[in-house]
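The values are calculated or read from the model by the stated rules, or taken from the named source; none is laboratory data. Just so you know, these numbers come straight off a predicted model, no measurement behind them. Positions of Cβ are generated from backbone atoms using ideal geometry, with glycine treated the same way; all protein chains shown enter the neighbour counts.
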Amino acid sequence: MSISKPLYECSGLILWSLALFTVLIIAALKPEVRSVLVAYDFGTQSFYSHSTLYNLESTMGYLYAPGFAALYAPFYALGPAVGGLLWRGLGVGLLTFVVFKQVKRLDTANTTEIGSLAMFIAIPLSLGAVRNGQATILLTAACWLLTLNALDRRRGATLLWALIALLVKPTAIVMVLLVGALRPKLIPHLVIAILLVFAIPYAFAPADYVTSQNIEFVRLLSSMSSNRSSAFEPADFTGVLTAFGIEVSSSVAMLVRMLAAGMMLATVVWIDRRAGRHRAFAIFLMATCYMTVFNPRVESNTYVMLAVPLAVAISYLKLRIPGQPLVSACGILVFIAGLTGAHAHIHTMLNPWFKPLVMTLVAIPVFVWLLEVALHPRQKSAPSIRSV
C-alpha cells in the first residue's frame, strides 16, 4: 500500500492535532476535573479582591508571580470552559509553532517530516499537561523562544520572552540566568524583564497590596526548596533515589543541584563556541534536562518540557544517522514513558521515579549524538522510507 509523500510527512502532526483536539473537548466539557486552572482562578480572584495569594506554610496552591494573577484575568473572566480552552490552546499553539521554527533551523529540506514525527513521539507525555491546563506548556515555548532569540542577540524579543517565561513560572529564572551568562550584553534587557515581573501588578491593584504580595512571593521562592508539603512528591532525581531506598538530605540534594548547574554552564559555554547552527537547540535541550531532573518542584507532567525538544532531537537524528537503531529505541522509550499515566494503578506504581529515570537515560545518548552531528556534519540526510 503506497502512502503519498504529503500524507506521510503530516501523519504525526495530524495525530497530534486529533489527540489534542480530543483532550481540549474533554477539558471543555469537564473543566473542573483534573485541572490546575482552579489555582490560577484562585490567584486572579484573590488578586483583584486584594486578598493574600500565598500560603507559606504548605508551599502548595498558587505558586506564581502576582503579575501572572493580574494578566490571567481575561481567561478567568471567560469561565473555566471557554477561558480554559483558550488558555490551553494558547500554550499548545505556541509550542507547536516553536517546534517547527526550530526544526526549520535544523533541516530546511525535511521540516514537515521531522516536526511531524517529533509531535507524534511527544503526544503521550504532552496530553496530561494539556488536560490539566498546566503552565508548563507555555513555559516550554517561551523558554525555547527566549533561547533562540537571545543567542541571535535580538534584544527586544529576548526581553519579551524572558518576561513571559518569568510570569508563567518562576523556574524560568534558570533559563534567564543561563542566557545572561552566554550573552552578557543582554543582561540589561533581562534585568528589565525581571523588574517588569514585579512592576506589572502595580497597574492593576493598590501599591501597598502589590508590594506585600511581591514580598510574599520572594519569601515563597526562598522556602520552596526546603519546606515541602507532605502532599507533594518531587519527580526529580531525588524521587529516583528514594524509590531505590536511598534517602537524600536537603543539603546534599542542594549540593548535587549546584554541581549539576556548574557542569551544565561549562558544557553550554563549550557548545556555544563549537556547535554552529545546532548551538541554540543543544543548549535548550540541556537546560530543559536540568530544569526537570534537578528541579526540586518538578512533577510528573512537567516532563513535557523535556519530552518535546527530546522528541525533536530524536526525529532529526533518525534522518541524520539512520543506521543507528538506538535512536528509534529512544523514541519508543519517550513515547512509552508518557503512557504510564493512562492507568491509575500504573501511574501510582511508577510515580515519581520512572519518568526522571527514563528521560535521563534517553537524554544522555541523544545529546551526545546531536553534538556528534553538530561537530562532524555529514553530507546529506539519508532518504526516508515513504511507502509501506
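Mind checking which helices (runs of 4 or more DSSP H) fall wholly inside the stretch 1-112 and carry at least 1 residues that are at pLDDT 90 or above and among the β-branched types (Val, Ile, Thr)?
Values: elements: 5-29, 37-48, 66-71, 73-77, 79-106.
Answer list for the stretch 1-112: 5-29, 37-48, 79-106.
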Exercise. Across the stretch 71-120, what is the number of residues that are over 20 Å from TYR48 (Cβ atoms) and among the aromatic types (Phe, Trp, Tyr)?
Worked result: 3
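To keep it simple, each residue is scored yes or no on (1) surrounded by 18 or more Cβ atoms within 10 Å (Cβ to Cβ); (2) closer than 21 Å to ALA203 by Cβ; (3) under 21 Å from the mean Cα position of the chain (by Cα).
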| site | (1), (2), (3) |
| --- | --- |
| SER11 | no, no, no |
| PHE21 | no, no, yes |
| ALA69 | yes, yes, yes |
| LEU94 | yes, no, yes |
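Within the stretch 23-35, how many residues are crowded, with 17+ Cβ neighbours inside 10 Å and either closer than 15 Å to GLY83 by Cβ or among the aromatic types (Phe, Trp, Tyr) (or both)? I'd like the intermediate steps shown before the answer.
Residues of the stretch 23-35 that are crowded, with 17+ Cβ neighbours inside 10 Å, as a first pass: 23-24, 27, 31, 35.
Now narrow it down to the ones that are either closer than 15 Å to GLY83 by Cβ or among the aromatic types (Phe, Trp, Tyr) (or both): 24, 27, 31, 35.
Selection size over the stretch 23-35: 4.
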Problem set entry | Pair list, Cβ < 9 Å and 6+ apart or interchain, from the stretch 101-123 residues that are in contact (Cβ under 8 Å) with a residue 40 or more places away in the chain and within 19 Å of PHE21 (Cβ to Cβ) to residues that are among the hydroxyl-bearing types (Ser, Thr, Tyr) and buried (at least 24 other Cβ atoms within 10 Å of the Cβ) | GLY115/SER315; SER116/SER315; ALA118/SER315; ALA118/TYR316; MET119/SER126; MET119/SER315; PHE120/SER315; ILE121/SER315
Exercise. Quick one: which of ALA157, ALA165, ALA109, ALA150 is within 12 Å of the chain's Cα centre (by Cα) and small (Gly, Ala, Ser)?
Worked result: ALA165
For this session: Can you work out which of the residues in the stretch 249-267 that are among the aliphatic types (A, V, I, L, M) and loosely packed, with under 15 Cβ neighbours inside 10 Å is nearest to CYS289 (Cα to Cα)?
Result: MET263
Problem set entry | ALA150 at pLDDT 95 or above and part of a helix (DSSP H, G or I) | yes
Problem set entry | Qualifying residues in the stretch 45-67 (those that are under 23 Å from the mean Cα position of the chain (by Cα) and free of Cβ contacts under 8 Å to residues at least 40 places away in the same chain) - the one surrounded by the fewest Cβ atoms within 10 Å (Cβ to Cβ) | GLY61
Seminar exercise, completed: Within the stretch 332-347, the residues that are more than 18 Å from the chain's Cα centre (by Cα) and either at pLDDT 90 or above or not in a helix (DSSP H, G or I) (or both) are ILE332, LEU333, ILE336, HIS343
Seminar exercise, completed: Only unsatisfied item for GLY133, checking (1) in contact with a Leu (Cβ under 8 Å, 6 or more places away or on another chain); (2) surrounded by fewer than 21 Cβ atoms within 10 Å (Cβ to Cβ), is (2)
Exercise. Any chance the stretch 202-211 includes a residue that's touching a residue at least 60 places away in the same chain (Cβ under 8 Å) and touching a Phe, Trp or Tyr at 6+ places or on another chain (Cβ under 6 Å)?
Worked result: yes
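Of the residues LEU357, LEU350, LEU375, which single one is at pLDDT below 90 and under 15 Å from LEU125 (Cβ atoms)? Let's see the steps before the verdict.
Numbers: LEU357 fails: at pLDDT below 90; LEU375 fails: under 15 Å from LEU125 (Cβ atoms).
Every option except LEU350 fails the conditions.
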Seminar exercise, completed: Exception for TRP144 within (1) in contact with a Phe, Trp or Tyr (Cβ under 9 Å, 6 or more places away or on another chain); (2) surrounded by fewer than 16 Cβ atoms within 10 Å (Cβ to Cβ); (3) touching a residue at least 60 places away in the same chain (Cβ under 8 Å) falls at (2)
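Within the stretch 215-327, which helices (runs of 4 or more DSSP H) (wholly inside it) include 3 or more residues that are within 30 Å of THR96 (Cα to Cα) and in contact with an Asp or Glu (Cβ under 9 Å, 6 or more places away or on another chain)?
Working: elements: 237-243, 250-274, 279-293, 304-320.
Once the helices (runs of 4 or more DSSP H) in the stretch 215-327 are filtered for at least 3 residues that are within 30 Å of THR96 (Cα to Cα) and in contact with an Asp or Glu (Cβ under 9 Å, 6 or more places away or on another chain), what remains is 279-293, 304-320.
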